[in-house]
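**Q** First, the structure itself, so that you have it in front of you.
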């Protein structure tokens, strides 16, 4: 059983650029959530995907978007990067069954630095 | 708004001793889950223990146990026989029903040999 894999592990981008972060879900999981963890803070929910559709979103602007693929892997895209987007981005997968979500398995995150 | 408060930014404990990390939360829900996650320098969030709100019995996982006080909306984590490997950031998290996790700001735990 594989865990959650995120790539890349570290990334440096320039303000105004676009970035794509990737996440491979744990085998058997059908739901993926993305969180932003700023330095010294707890993770903040960005959005969640279930069966390739977004089914929940936190307080993040539209320039944060995502995709979930048929194999349940996922991408997080951020357009027009701002300095405040510098953070650790965590992906978590889980298994949703009858509208109930079981426990989450987290990846090790992507550290994004915007300069 | 649903919030999770961890009032101790940093804690330290001697190896083999016991330490308690505090967490309070604000909710009007009756059906929810509570979690403690550990985040070591590797950055991966590791589930330590979980508690269903409808269960009155406090959850226990080996050296880790919780004191769940539903009326007071308190959910503290006790680590017994602390080990050097317990040093990490600890996050309390709350999930009402089927919604995403809401995290506190974390407590940095140091273990002194």
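**Q** Look at residue B:77 and say whether it is assigned to a strand (DSSP E or B), surrounded by 15 or more Cβ atoms within 10 Å (Cβ to Cβ), more than 12 Å from chain A (Cβ to nearest Cβ) and in contact with a helix residue (DSSP H, G or I) (Cβ under 8 Å, 6 or more places away or on another chain).
**A** no
**Q** Determine whether residue A:94 is crowded, with 18+ Cβ neighbours inside 10 Å and over 16 Å from residue A:21 (Cα atoms).
**A** Spelling it out, residue A:94 is indeed crowded, with 18+ Cβ neighbours inside 10 Å and over 16 Å from residue A:21 (Cα atoms).
Matching residues to (1) without any contact (Cβ under 8 Å) to a residue 24 or more places away in the chain; (2) more than 20 Å from residue B:96 (Cα to Cα); (3) more than 14 Å from chain B (Cβ to nearest Cβ):
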| residue | (1), (2), (3) |
| --- | --- |
| A:37 | no, yes, no |
| A:46 | no, no, no |
| A:54 | yes, no, no |
| A:65 | yes, yes, yes |
| A:69 | yes, yes, yes |
| A:74 | no, yes, yes |
| A:83 | no, yes, yes |
| A:90 | no, yes, no |
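**Q** How many of the residues in the range B:91-100 are under 18 Å from residue B:73 (Cα atoms) and either out of contact with any strand residue (DSSP E or B) (no Cβ under 7 Å at 6 or more places or on another chain) or buried (at least 23 other Cβ atoms within 10 Å of the Cβ) (or both)?
**A** Number satisfying all stated conditions: 4.
Residues are listed down the side, and each one gets a yes or a no for (1) within 24 Å of residue A:93 (Cα to Cα); (2) touching a residue at least 12 places away in the same chain (Cβ under 8 Å); (3) more than 14 Å from chain A (Cβ to nearest Cβ); (4) part of a strand (DSSP E or B):
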| position | (1), (2), (3), (4) |
| --- | --- |
| B:12 | no, yes, yes, yes |
| B:16 | no, yes, yes, no |
| B:28 | no, no, yes, no |
| B:42 | yes, no, no, no |
| B:57 | no, no, yes, no |
| B:65 | no, yes, yes, yes |
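**Q** Only residues that are surrounded by 15 or more Cβ atoms within 10 Å (Cβ to Cβ) and under 17 Å from residue A:20 (Cβ atoms): list them for the range A:43-64, please.
**A** Once the filter is applied, which keeps residues that are surrounded by 15 or more Cβ atoms within 10 Å (Cβ to Cβ) and under 17 Å from residue A:20 (Cβ atoms), the range A:43-64 yields A:46, A:47, A:49, A:60, A:64.
**Q** Just one of the numbered conditions (1) modelled with pLDDT of 95 or more; (2) at negative phi is not true of residue A:80; which one?
**A** (2)
**Q** OK, next. Would you pick out the residues in the range B:1-10 that are part of a loop (DSSP other than H, G, I, E, B) and modelled with pLDDT under 95?
**A** Matches in the range B:1-10: B:1, B:2.
**Q** Residue check: is residue B:22 surrounded by 14 or more Cβ atoms within 10 Å (Cβ to Cβ) and within 22 Å of residue B:100 (Cα to Cα)?
**A** Judged against the criteria, residue B:22 is a match.
The values are calculated or read from the model by the stated rules, or taken from the named source; none is laboratory data. Here the structure is a predicted model, which is why all the values come from computation and not from measurement. Here the Cβ is made from the backbone with ideal geometry for all residues, glycine too, and neighbour counts use every protein chain on show.
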